[in-house]
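The values are calculated or read from the model by the stated rules, or taken from the named source; none is laboratory data. Given the structure is predicted, the values throughout are model-derived calculations rather than measurements. When we count neighbours, we look across all protein chains shown, and the Cβ atoms used for this are built from the backbone with ideal geometry, even at glycine.
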């Protein structure tokens with residue numbers, strides 16, 4: 001009962017200050033008040049300061065609309081998905097981005113072992129090289145999802161906490177930060193927790209700025225992948241030749257490599273890889289078309305740590321290959 005009693009006291013104390021705020025602002029939400037109390041106890045925030053910020057935001061209906069799964073999910077289609085990211089705009093933009101940021105990309109490869117083209121492709125897929133970083137207020141988006149989206153409330157409350165810590169550490173007004181509807185920030189679209197764990201000051205100005213510093217974005221993407229197990233100099237994925245439709249159990253074995261190439265060959269799935277290599281079987285399905293099969297190695301799995309989708313990881317990989325082929329001098 002003690003936390004509830006404390007929350008009621010805080011509500012009574014702050015009520016006059018927030019009397020003129022909209023009734024649906026987060027300053028009036030008991031869950032937000034409890035959250036502010038918790039951050040005050042665990043991280044030394046001032047509850048009143050947090051609630052003053054919460055008084056200026058309210059649940060965002062557009063955020064809730066965008067986060068919800070479609071009521072009638074469409075069938076998976078690689079044919080539809082692939083052109084969204086593997087297109088001339090992103091290929092040409094990637095070549096330019098590489099040329100303009102060659103020094104930082106080379107330094108990131110040397111320091112973290114991640115090839116330039118993979119770093120470039122992730123930034124290209126995420127924000128078209130920094131052009132589309134999102135226009136939602138990150139504090140409002142995360143609060144909306146933390147307090148009004150029960151399905152993933154725990155995750156977004158953690159991210160809201162990380163965001164407020166991040167803002168305090170960098171002396172940024174949290175109300176001024178813009179990002180995606182899910183609270184991802186900057187050129188590489190890091191969630192606040194990922195920024196605090198993996199982002200680096202790569203331009204040497206003594207601060208991490210993923211919204212304005214391309215160098216910081218490049219170094220942070222490379223470090224994120226390196227910290228998740230990127231294997232320098234190793235392949236990402238190779239096409240597979242199948243003699244018949246594979247057993248569904250092989251596809252459902254998971255995105256993390258667990259299948260031996262030699263064992264797959266015995267079951268009619270072949271590829272140009274070391275027979276002892278461990279892989280995952282990737283099915284790129286499209287309605288009314290033959291499924292495209294690939295074998296993904298550990299680096300393919302690492303890309304899925306950025307976005308847990310085989311379609312996403314394959315888009316990054318194939319975009320990276322196209323950019324690399326077209327980049328002069330590489």
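Restricted to helices (runs of 4 or more DSSP H) entirely inside segment 63-124, those with at least 2 residues that are in contact with a strand residue (DSSP E or B) (Cβ under 9 Å, 6 or more places away or on another chain) are 78-85. Only a single item in (1) in a helix (DSSP H, G or I); (2) surrounded by fewer than 16 Cβ atoms within 10 Å (Cβ to Cβ); (3) in contact with a helix residue (DSSP H, G or I) (Cβ under 8 Å, 6 or more places away or on another chain) is not met by residue 263, and it is number (3).
Any chance you could count how many residues in segment 200-234 are under 24 Å from residue 256 (Cα atoms) and crowded, with 20+ Cβ neighbours inside 10 Å? Matching residues across segment 200-234 total 7. When you check residue 285 against the structure, is it touching a helix residue (DSSP H, G or I) at 6+ places or on another chain (Cβ under 8 Å), closer than 26 Å to residue 75 by Cβ and either in contact (Cβ under 8 Å) with a residue 60 or more places away in the chain or not assigned by TED's automatic domain parsing to the domain that holds residue 315 (or both), yes or no? So residue 285 passes the test. When segment 173-196 is filtered for residues that are in a helix (DSSP H, G or I) and either more than 20 Å from residue 158 (Cα to Cα) or free of Cβ contacts under 8 Å to residues at least 12 places away in the same chain (or both), only 176 remains. Residues in segment 41-58 that are on the phi < 0 side of the Ramachandran plot and surrounded by fewer than 18 Cβ atoms within 10 Å (Cβ to Cβ) were compared, and the one that is farthest from the chain's Cα centre (by Cα) is 48.
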